[in-house]
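Accompanying notes for the structure given below.
The values are calculated or read from the model by the stated rules, or taken from the named source; none is laboratory data. Quantities reported herein were computed from a predicted structural model and do not represent experimental measurements. Using ideal geometry, Cβ is built from the backbone for each residue, glycine included, and neighbour counts are taken over all protein chains shown.
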Amino acid sequence: MCKLFIEADPELWQTRLKSLRLNGYATSVRLENFYWRVLAEIAARDGMSLPQLLARLHGEVDAAHKRVENFASFLRVCCGRYLALQAAGDVPRDLGTPIRSLDADAILAREARRASRGGLSSAA
């Protein structure tokens with residue numbers, strides 16, 4: 001079992017620091033290369049650059065929750081949810097389908113039903 005993970009390209013778990021502007025302030029985010037790749041895929045699906053996606057996610061989570069304690073952790077969870085929702089069939093694997101075109105309310109409702117049936121995670 002572990003060979004699937006330990007024989008993966010070590011570059012995937014190396015971290016990279018990216019600088020960007022969020023809400024007019026210069027900041028930086030450090031994530032593993034694996035997460036940067038997933039975020040780049042999500043951004044490309046909706047015709048955005050990676051900095052545009054990060055600014056949008058930060059703005060929306062800030063508006064919804066008033067404060068982002070750990071933005072890097074939030075981004076890792078976004079990546080995990082994206083991949084889990086793909087595995088569940090809620091997000092098409094076809095990268096030509098923009099995320100913004102999906103019915104978020106219906107996806108969240110299906111996710112909640114799966115969670116209520118005792119799934120390990122809300123997107124599993």
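Scanning segment 61-76 for residues that are in contact (Cβ under 8 Å) with a residue 40 or more places away in the chain, in contact with a helix residue (DSSP H, G or I) (Cβ under 8 Å, 6 or more places away or on another chain) and not aromatic (Phe, Trp, Tyr) yields Leu75, Arg76.
The helices (runs of 4 or more DSSP H) found entirely in segment 1-85 that carry 2 or more residues being within 11 Å of the chain's Cα centre (by Cα) are 33-45, 50-65. Considering Ala64, Ala44, the condition of being of a type in the set (A, V, I, L, M) and modelled with pLDDT of 95 or more is satisfied by Ala44 alone. If Arg30 meets every condition in (1) among the charged types (D, E, K, R); (2) within 22 Å of Ala8 (Cα to Cα); (3) buried (at least 16 other Cβ atoms within 10 Å of the Cβ) apart from one, which number is that one? The number of the failed condition is (3). Selection within segment 75-115: residues that are β-branched (Val, Ile, Thr) and either more than 25 Å from Leu50 (Cβ to Cβ) or touching a Phe, Trp or Tyr at 6+ places or on another chain (Cβ under 9 Å) (or both). The member of this set that is surrounded by the fewest Cβ atoms within 10 Å (Cβ to Cβ) is Ile99. The combined condition, being of a type outside the set (Val, Ile, Thr), closer than 30 Å to Phe5 by Cβ and in contact with a helix residue (DSSP H, G or I) (Cβ under 8 Å, 6 or more places away or on another chain), is not fulfilled by Arg110.
Selection of segment 15-26 for residues being exposed (fewer than 14 other Cβ atoms within 10 Å of the Cβ) and modelled with pLDDT of 90 or more yields Thr15, Arg16, Leu17, Ser19, Ala26.
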